[in-house]
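Data first, discussion second: the structure below is written as structure tokens.
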Amino acid sequence: MSEPQVYPVPEAWKRRARVDAKGYETLHGRSIADPGSFWLEQARRLDWIKRPELAGDWSFDENDFHINWFADGKLNVAANCIDRHLKDRAAATAIIWEPDDPEEPARRYTYLELHREVCRFANVLKAQGVRKGDRVTIYMPMIPEAAFAVLACARLGAIHSVVFAGFSPEALAGRITDCDSAVLITADEGRRGGKRVPLKANADAAAKHAPALEKMIVVKATGADIAMQDGRDIWYHEASAEVSEDCPAEAMDAEDPLFILYTSGSTGKPKGVLHTSGGYLLWASYTHELAFDYREGEVFWCAADIGWVTGHSYILYGPLANGATTLMYEGVPNWPDSSRMWQVVDKHQVTSLYTAPTALRALMAEGDEPVKATSRASLRVLGSVGEPINPEAWRWYYEVVGDSRCPIIDTWWQTETGGHMIAPLPGATALKPGSATLPMPGVDPQIVDAEGQILHGATEGNLVIAKSWPGQMRTVWGDHDRFFQTYFSTYPGKYFTGDGCRRDADGYYWITGRVDDVINVSGHRMGTAEVESALVAHPHVAEAAVVGRPHDVKGQGIYAYVTLNANDEPTEELRRELRQWVRSEIGPIATPDAIQFAPGLPKTRSGKIMRRILRKIAEGDTSSLGDTSTLADPAVVDDLIANRVA
Ligand code: WTA
């Protein structure tokens, strides 16, 4: 491989940055050598009701497994994101909301207005009996009320579980039931790219399979004609007219849960990743400030959805904890046209933009004109998240979008990590396109081989994290054993990320992608097992195996091998039906890109499906299938190759 180009820190950035190269080394060194004093000092960035005297108290060992941060501290997360800014920044804009349709006016909320809205929402929840520790599911479009709802939960100490509005009623019902949530917050409809999403109708369908659900709070977003069920459904605008504009913030222990967010794993149903209050907020706030070198008055745009962890940490918690102006965008990158994102940047004078490689690849395909038609002079930093960014997209982002002025901050992290783990700092780190570069302070990455041996120097293997950090998830909701088994049993004593990784001679990290059965479709995590179980739930399907294969825009696409029941015919119509079936079982993001009807799957004699072979066939790389002699029936491979879907 040729040596990648290196982009040194620009002179202007060296002068203005909060942290330079030397500063980074010092910070990282101290954070690893003396994490206790380092993190107690960092904890001062939050507003504590009781300041902690304890920092990290943790062990990844099976016999003494526990993770606590700042355990004796007390705080309220919403008060940190709102109330404490009222003294000096009450009139500063907290949230700018840009609607789907550019013809409609944007909305702005100052910190004072945000305070009022969140208090109101909290009081509405309270009136419905929501108390500290209760679970509240939020199934909302990207409208300001979604932010109010999330922060209202935090204010009361209720645990929010945001479910991405693209998920199906079945997926929503499963998540409501898993965390036993009695209250659901939704809207009549969502809007994305000029299309309507029937959220209330989906919620109604979900409620049929979610017996725990008692109340539905419905925000009027589009004014669509929807059905309201007496005794269960409450219009938010009616309920909020009757409550006070003030609501005290609950004093929470640092280790009290803040939220659950469901994410896909390699096995079983999605896991409820649980984050707690103090450590998570500290991590979101610290990483937001460092990675984007955030300064007061800047406009920060994270173009994710609040249904994903990126939206939690970098639309809401990180920026608001830092008193920033955060931009919330309702729509999609390429509607009404592919210039839309850059127009939004100009309209709101965005200083930092944070988006996913899949969006960049899609926009890049439309050429440079839609970008060049705009100024983008306000931009200072460009962030990337969700999947490895290919060097072509990196360069386009750098040269065309940022006019070669703005550092590209490629941030590697996970739902489980709460915030950035490996990422450059704009004033400190020379960049290499495609590398997430160096660990954040407090992060101690290691690369291990399959046996768990630590590999040193320039090497490649599996990425683990050797020490706990404040933003680490604390458990899988309702299944602490699964938490341990999933992340700490593969390489005892270490957190296993599920990612493969290379480290070069400069110590830079290059994430190579998942090494487990998780695929990354347009920056969204999808468990192959989840798609398989949706497929086999179809009456005509006997067996299914799903693998990822490279896709130009999505990063990875979903390729499904399906074995039908003995008397069922493989028809084009059935193929279409199966695609539609998966959409409605999980959601549009899980729609298979290709379905191959396979009379048999390659299995070992003990019945284990050999996915390695299926992946190679899907990729069209049939020359190096490796040893197939251990298969129970090697002949199935020829049929699979012959009927591969291009
Ligand atoms: C992948 C999203 C390479 C990785 C924040 C990880 C990345 C999974 C990057 C987590 C990146 C995320 N470079 N790969 N900058 N960011 N990933 O939980 O495989 O939705 O394990 O969190 O996305 O996805 P999740």
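Details
- D225-R612 pseudo-label distance in nm [points 7 Å out on the Cα-to-Cβ vector]: 6.0 nm
- Restricting the GluC sites (Glu not before Pro) of segment 91-160 to loop positions (DSSP other than H, G, I, E, B) with no more than 13 neighbouring Cβ atoms within 10 Å leaves E103.
- DSSP bridge pairs, segment 134-203: antiparallel proportion in percent, nearest 5: 25 percent
- Beta bridges per DSSP with both ends in segment 522-643, % antiparallel, nearest 5: 75 percent
- Solvent-accessible area, 1.4 Å probe, carbon plus sulfur percent, for segment 196-329: 47 percent
- Apportionment of accessible area to carbon and sulfur, segment 88-168, percent (1.4 Å): 45 percent
- Surface composition of segment 522-643: carbon and sulfur make up 48 percent of the accessible area, probe 1.4 Å.
- Segment 522-643 - Debye-derived log10 I(q)/I(0), Cα point model, q = 0.11, 0.15, 0.18, 0.23 Å⁻¹: -0.35, -0.66, -0.96, -1.44
- Rolling a 1.4 angstrom probe over the protein heavy atoms with all chains in place gives segment 34-85 an accessible area of 46 Å² per residue.
- Whole-number accessible area per residue in Å² for segment 522-643, which is evaluated in the context of all protein chains at 1.4 Å: 46 Å²
- With R₀ set to 30 Å, the beta-carbon distance separating K132 from A91 gives a calculated FRET efficiency near 0.45.
- Over segment 149-197, accessible surface divided per residue gives 23 Å², non-protein components excluded, 1.4 Å probe.
- Projected label points at D568 and R295, each 7 Å from Cα along the beta carbon direction, are separated by 6.1 nanometres.
- Among the GluC sites (Glu not before Pro) in segment 328-399, those located in a DSSP loop and surrounded by at most 15 other Cβ atoms within 10 Å of their own Cβ are E366.
- Within a straight-line Cα-Cα reach of under 18 Å, K50 can be paired with the following aspartates and glutamates, leaving aside sequence neighbours fewer than 8 residues apart in one chain: E41, D72, D83, E250, D253, E255, D256.
- Counting only cysteine Cβ atoms and a cutoff under 4.7 Å, the chain contains unmatched residues C81, C153, C179, C302, C406, C501.
- Antiparallel %, DSSP beta bridges [both residues in the chain], to 5: 60 percent
- For segment 309-452: relative contact order, % (alpha-carbon pairs under 8 angstrom, 6 or more apart): 18 percent
- Tail fraction, Cα-Cα pairs, the chain, threshold 42 Å, whole percent: 22 percent
- Those GluC sites (Glu not before Pro) in segment 173-271 that DSSP places in a loop and that have at most 16 other beta carbons within 10 Å: E214, E242, E245
- Two-site label geometry, D57 and A201: point separation in nm, points 7 Å out along Cα→Cβ: 5.3 nm
- For the chain, calculated [θ]222 nm from helices alone, where every DSSP H run of n ≥ 4 adds -39500 (n - 2.57): -8000 deg cm²/dmol
The values are calculated or read from the model by the stated rules, or taken from the named source; none is laboratory data. Keep in mind that this is a model prediction, so the values were computed, not measured. For neighbour counting, all protein chains shown are included, and Cβ atoms are generated from backbone atoms with ideal geometry for every residue, glycine included. These accessible areas exclude ligands, DNA and RNA; they are computed on the full protein's heavy atoms, side chains included. Shrake-Rupley method; radii C 1.70, N 1.55, O 1.52, S 1.80 Å.
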